[in-house]
Amino acid sequence: QVQLVESGGGLVQPGGSLRLSCAASGSIFNINVMAWYRQAPGRQRELVAAIGSGGSTNYADSVKGRFTISRDNAKNTVYLQMNSLKPEDTAVYYCNADIDTITGTWATDYWGKGTLVTVSS
């Protein structure tokens, strides 16, 4: 069993900052890509940012220059530093990880339950 648990969401004013964290635990052998997705009301879930095991990153155009994804491989944790937040960043943010488990499953997608980020004055 593998679990992803997000934390750090909340209410912030436009222009403010938040830092999301996601810790993976359980029968983990190796974590490949870790990523953050978001889903706003009435919209499809979209990729926000992703980071490979070696540190290579990829961002949605809408967050480039404002958001930074990072990971601590020793802690099986991925972070999303969000700066200069805008009302349109309001969404539920989900952690995603591609994980090889010690029970022998390879490259399996796991999801957290999500954390709500609200940007409003």
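Quick notes on this structure:
- Residues that are polar (S, T, N, Q) and modelled with pLDDT under 95 were ranked within segment 81-120; the one that is surrounded by the fewest Cβ atoms within 10 Å (Cβ to Cβ) is Thr103.
- Restricting attention to segment 11-63, the residues that are charged (D, E, K, R), outside any strand (DSSP E or B) and under 15 Å from the mean Cα position of the chain (by Cα) add up to 1.
- When every residue of segment 40-48 is checked against the conditions, at least one turns out to be open to solvent by less than 60 Å² (accessible area, probe 1.4 Å), within 18 Å of Leu11 (Cβ to Cβ) and either of a type in the set (Ser, Thr, Tyr) or in contact with an Asp or Glu (Cβ under 9 Å, 6 or more places away or on another chain) (or both).
- Looking across segment 50-80, the residues that are closer than 14 Å to Asp98 by Cα and open to solvent by less than 50 Å² (accessible area, probe 1.4 Å) come down to Ala50, Ile51, Gly52, Arg71, Asn76, Thr77, Val78.
- Residues in segment 1-10 that are within 13 Å of Tyr93 (Cα to Cα) and in a loop (DSSP other than H, G, I, E, B): Gly8, Gly9.
- Criterion: farther than 20 Å from Pro87 by Cβ and open to solvent by 20 Å² or more (accessible area, probe 1.4 Å) - qualifying residue of Ser17, Ser25: Ser25
- Cβ pairs under 9 Å, 6+ apart, first in segment 97-121 and more than 17 Å from Gly16 (Cα to Cα), second among the basic types (Lys, Arg) and in a strand (DSSP E or B): Gly114/Arg38
The values are calculated or read from the model by the stated rules, or taken from the named source; none is laboratory data. If you're wondering where the values come from, they're calculated on a predicted model, not measured in any experiment. Neighbour counts are summed over all protein chains in view; Cβ atoms, including those assigned to glycine, are modelled from backbone coordinates with ideal geometry. All accessible areas refer to the heavy atoms of the entire protein, side chains included, with ligands and DNA or RNA removed. Shrake-Rupley method; radii C 1.70, N 1.55, O 1.52, S 1.80 Å.
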